[in-house]
Amino acid sequence: MQPTSLAFQSKAAAALADPNLQTALGGIKTGWQRGRILAADRLPEFEQLRDQARDIKNHALANLDFYLEAFEARVLDAGGQVHWARDAAEARRIIQEICESAGAKTVTKSKSMIAEEIGLNDHLEAAGITPVETDLGEYIIQLRKEPPSHLVGPAVHLTKDQVADLFEQTHGLPRTDDPTELVGQARTVLRQKYLQADVGITGANFLIAETGSAITVTNEGNAELTQGLPKVHVVIASLEKVIPSMEDAFTLLRVLARSATGQEFSAYTTVMTGPKRQGDLDGPEQFHVVLLDNGRTGMIGSKFQDMLRCIRCGACMNNCPVYLAAGGHAYGWVYVGPMGSVLTPQFVGIESAHTLPNASTFCGRCEEVCPVRIPLPNLMRHWREEQFKRQLVPSTVRYGLGTWGFFARRPALYRLATRLAMGVLGRLGKKRGRFASLPLAEGWTVSRDLPAPQGRTFMQQWRQRQRSRP
Amino acid sequence: MSDNEGRRAAILGRLRDVYRRSPEDEAAAIATVERRVFHPAPNLIPARGQLDLEDRIELFTTMARNVQAEVERVARMADVPAAASAILRRHNLPQKLVIAPDPVLQAAGFASQPLLRVRFGDADEHDQAGLTLAFAGVAETGTLMLCSAAERPTLLAFLPENSLVVLPSARVFGAYEQAWRELRRELGSPPRSVNFITGPSRTGDIAQRLELGAHGPRRLAILLVDDLQAG
């Protein structure tokens, strides 16, 4: 997917004027955001579990080579295959080859952000293989030819009526806006696709070194039908998904659903280990795991390593004032919200995404709610520094900051300059007490007046008060 | 060296270049990794599920009902056929059931329900109701744990719109870790598929409104059975 992140400002402005989008986004506060608070309150150990979840991921990230080797050995023991991919192109080619060797015409997919990251669907279609998304939200956006707008709810930007319109056009049935019937329609259509598919592709929330297992977490049960019905199952996962043991998985699972949707546990957590065993009546004959690097080894040991702890719960976006106003599509690539503002520059380059680390008020709520305590504002700040270093900041801002920096490093001069400026502005604005417009301050005055200074600066007043203290 | 081996070596090599461990650090890292992989120990287990068996069963029941599962408790395995038939009747479903070919379920005496037509095997797309046997239950979130096996096919709990699951009362554990320890003790390594199931299938993908039965079962009925020990 071509990033369009540089258009963040204009897309955000359009989003604010889109009543459907604003209605759809409004539900997040009363739904997932509130749900997380309630779920955390019901579990007294929640904060301690977050600490442990962070430590588990940190430990795994410090020993990824060993855990990946251990994981691979267990997958092979269980009769599966492991494929290593350095970048998106290699991963796409590997998956295409697996599909072709299975003679696949259609593949079903359960939600995978990694598949989005590598642009798998477009690639498979170009190769004559039809990918069918089975997660209801992913199915909806696939029909609309849109990228996901949220990690957990890819179609969260749409209202019920928009889905009703889409299904009327696509399913050729009389229009209904009853959610139960809409879900039923998708269920019926997709049921046939599951049964026809030659290959099932799933992502993985966790890979377990102890057992060689891949774990999926869903509410719909689509991952189970995707991997359970076709004769070939492909897991696509990035390197940092590997963790030591099932015990570690349980700790992470306890914070995952609660942080994401406020559920105590998602409806389906499935631990898959190898292909079908002797005597099994169902399950795939082949079990493939594609391990994707795509720049992650470069993040290890860098100041962005903490980002690799992310377990894709979406809490950072559910609690971000910017995301809740602008929606996911304004971010212009696969990953959105605060986590996307850190990850997208990593994948597409800061020159194509420097708007994103700036699309934040740095209020810090994302870090407050992150189940693995990723310091998201700090990581965005690193990108802002990088942006400045590479001269990607507009020259007006650079010169403005340069001028300010010159004075800030010379306190006496700074005080003199502010004293003069306050004096001049105070005299100019004395009559009305405020300014309706001022040069260089349109950003403020376009929607409100600027109060005129009263004459003396803070430092002047401070000094005076210190002097008059007994 | 095959393509795959080359890519593998490149990725692992990149990681080792970053870690640059001294020989002592490397030995220590390997020891830690081996301990955590071969002798995993539980992290913090929430107090919520750490109760006596009867209280665990009660917590399990409450939590499962909170997520729209139906829970019934019967004294004997021999009561299961009548209970299953009653569930189908209550929901106006045909008296037809596909059942996992597990010896425990086969010995339940379904012949006692002459109106109930049963088949032992895996589910297909035409089956409206399936019955299988759970390996364990987890009280902390009202979660079922199903282990795949030749006599317990996975799709039984996913393809039919109505899923019935027998759970031995004695196998309701407090926490996931305790159920998994039992799996390790009995099976050694995990079977192909272990399904943790918490309520029926659901989605919030249309305007964040909760709808049941997205792809998996619309209805989940759990039958707690008191005279069963084995899983």
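Residue pairs whose Cβ atoms lie under 7 Å apart, separated by 6 or more positions or on different chains, with the first residue in segment B:28-46 and more than 8 Å from chain A (Cβ to nearest Cβ) and the second small (Gly, Ala, Ser), are B:45/B:175. Please tell me if residue B:151 is more than 18 Å from residue B:197 (Cα to Cα), of a type in the set (Asp, Glu) and in contact (Cβ under 8 Å) with a residue 12 or more places away in the chain. Considered against the rule, which asks whether it is more than 18 Å from residue B:197 (Cα to Cα), of a type in the set (Asp, Glu) and in contact (Cβ under 8 Å) with a residue 12 or more places away in the chain, residue B:151 comes out as yes. Among the residues of segment A:264-302, those identified as among the charged types (D, E, K, R) and within 19 Å of the chain's Cα centre (by Cα) are A:293, A:296. Quick check: anything in segment B:172-186 in contact with a Ser or Thr (Cβ under 8 Å, 6 or more places away or on another chain) and at the interface with another protein chain (Cβ under 10 Å from one of its Cβ atoms)? Checking segment B:172-186: at least one residue is in contact with a Ser or Thr (Cβ under 8 Å, 6 or more places away or on another chain) and at the interface with another protein chain (Cβ under 10 Å from one of its Cβ atoms). Residues being in contact with a strand residue (DSSP E or B) (Cβ under 6 Å, 6 or more places away or on another chain) and not β-branched (Val, Ile, Thr): count how many of those fall in segment B:34-64. Of the residues in segment B:34-64, 3 are in contact with a strand residue (DSSP E or B) (Cβ under 6 Å, 6 or more places away or on another chain) and not β-branched (Val, Ile, Thr). Among residues belonging to segment A:169-190 that are within 12 Å of chain B (Cβ to nearest Cβ) and in contact with a Leu (Cβ under 8 Å, 6 or more places away or on another chain), point out the one that is nearest to residue A:130 (Cα to Cα). Taking the candidates together, the pick is A:186.
Considering only segment A:360-379, how many residues are touching a Cys at 6+ places or on another chain (Cβ under 9 Å) and surrounded by 14 or more Cβ atoms within 10 Å (Cβ to Cβ)? Residues meeting the conditions: 11. Assess whether residue A:149 counts as being away from every other protein chain (no Cβ under 13 Å) and either surrounded by fewer than 20 Cβ atoms within 10 Å (Cβ to Cβ) or under 21 Å from the mean Cα position of the chain (by Cα) (or both). No.
Whenever a residue of segment B:119-145 is under 21 Å from residue B:92 (Cβ atoms), its partners that are assigned to a helix (DSSP H, G or I) and aliphatic (A, V, I, L, M), lying with C-beta atoms within less than 7 angstrom and at least six residues away or across chains, give the pairs B:123/B:155; B:123/B:156; B:125/A:195; B:129/B:88; B:130/B:156; B:130/B:157; B:131/B:84; B:131/B:105.
Residue A:384 passes every criterion in (1) under 23 Å from residue A:7 (Cβ atoms); (2) buried (at least 24 other Cβ atoms within 10 Å of the Cβ) apart from (2).
In this structure, residue B:157 does not satisfy being farther than 30 Å from residue A:156 by Cβ, within 12 Å of chain A (Cβ to nearest Cβ), crowded, with 22+ Cβ neighbours inside 10 Å and touching a residue at least 60 places away in the same chain (Cβ under 8 Å). Put simply, of A:140, A:129 the only residue that is at the interface with chain B (Cβ under 9 Å from one of its Cβ atoms) and either surrounded by 15 or more Cβ atoms within 10 Å (Cβ to Cβ) or of a type in the set (S, T, N, Q) (or both) is A:140.
Scanning segment A:23-49 for residues that are surrounded by 19 or more Cβ atoms within 10 Å (Cβ to Cβ) and of a type in the set (Val, Ile, Thr) yields a total of 1.
Return yes or no: is residue B:62 at pLDDT 95 or above, closer than 16 Å to residue A:265 by Cβ and surrounded by fewer than 17 Cβ atoms within 10 Å (Cβ to Cβ)? Yes, satisfied. Elements of the type strands (runs of 3 or more DSSP E) sitting completely within segment B:150-231 and holding at least 3 residues that are more than 20 Å from residue B:90 (Cα to Cα): these cover B:193-197.
Being in contact with a His (Cβ under 8 Å, 6 or more places away or on another chain), among the β-branched types (Val, Ile, Thr) and farther than 29 Å from residue A:33 by Cβ, is that true of even one residue in segment A:286-294? Yes, some residue in segment A:286-294 is in contact with a His (Cβ under 8 Å, 6 or more places away or on another chain), among the β-branched types (Val, Ile, Thr) and farther than 29 Å from residue A:33 by Cβ. Across segment B:192-218, the qualifying residues are those that are in contact (Cβ under 8 Å) with a residue 12 or more places away in the chain and surrounded by fewer than 22 Cβ atoms within 10 Å (Cβ to Cβ), and the one among them that is nearest to the other protein chains (Cβ to nearest Cβ) is B:213.
The listed residues are B:71, B:37, and the only one of them that is farther than 21 Å from residue B:184 by Cα, surrounded by 14 or more Cβ atoms within 10 Å (Cβ to Cβ) and either modelled with pLDDT of 95 or more or of a type in the set (Gly, Ala, Ser) (or both) turns out to be B:71.
Residue B:7 meets the conditions (1) assigned to a helix (DSSP H, G or I); (2) under 35 Å from the mean Cα position of the chain (by Cα); (3) facing another protein chain (nearest Cβ under 7 Å) in every case but one. The failed one is (2). Count of segment A:220-229 residues, restricted to those that are facing chain B (nearest Cβ under 7 Å) and farther than 23 Å from residue A:245 by Cα, is 5. Of all residues in segment B:77-103, those that are farther than 15 Å from residue B:120 by Cα have Cβ atoms under 7 Å from Cβ atoms of residues that are of a type in the set (Lys, Arg) and modelled with pLDDT of 95 or more, 6 or more apart or on another chain, in B:91/B:219. Exactly one residue out of A:316, A:310 is surrounded by 24 or more Cβ atoms within 10 Å (Cβ to Cβ) and either at pLDDT 95 or above or under 15 Å from residue A:113 (Cα atoms) (or both), and it is A:316.
On inspection, residue A:452 passes the criterion of being touching a Lys or Arg at 6+ places or on another chain (Cβ under 9 Å), more than 23 Å from residue A:411 (Cα to Cα) and among the small types (Gly, Ala, Ser). Within segment A:276-287, being more than 7 Å from every other protein chain (Cβ to nearest Cβ) and surrounded by fewer than 22 Cβ atoms within 10 Å (Cβ to Cβ) holds for A:278, A:285, A:286. Listed by position, the strands (runs of 3 or more DSSP E) inside segment A:101-219 whose residues that are farther than 30 Å from residue A:63 by Cβ number at least 2 are A:106-109, A:130-133, A:199-202.
The values are calculated or read from the model by the stated rules, or taken from the named source; none is laboratory data. Quick caveat, the model's predicted, so the values are computed rather than measured. FYI the Cβ positions are ideal-geometry reconstructions off the backbone, even for glycines, and counts take in every protein chain you see.
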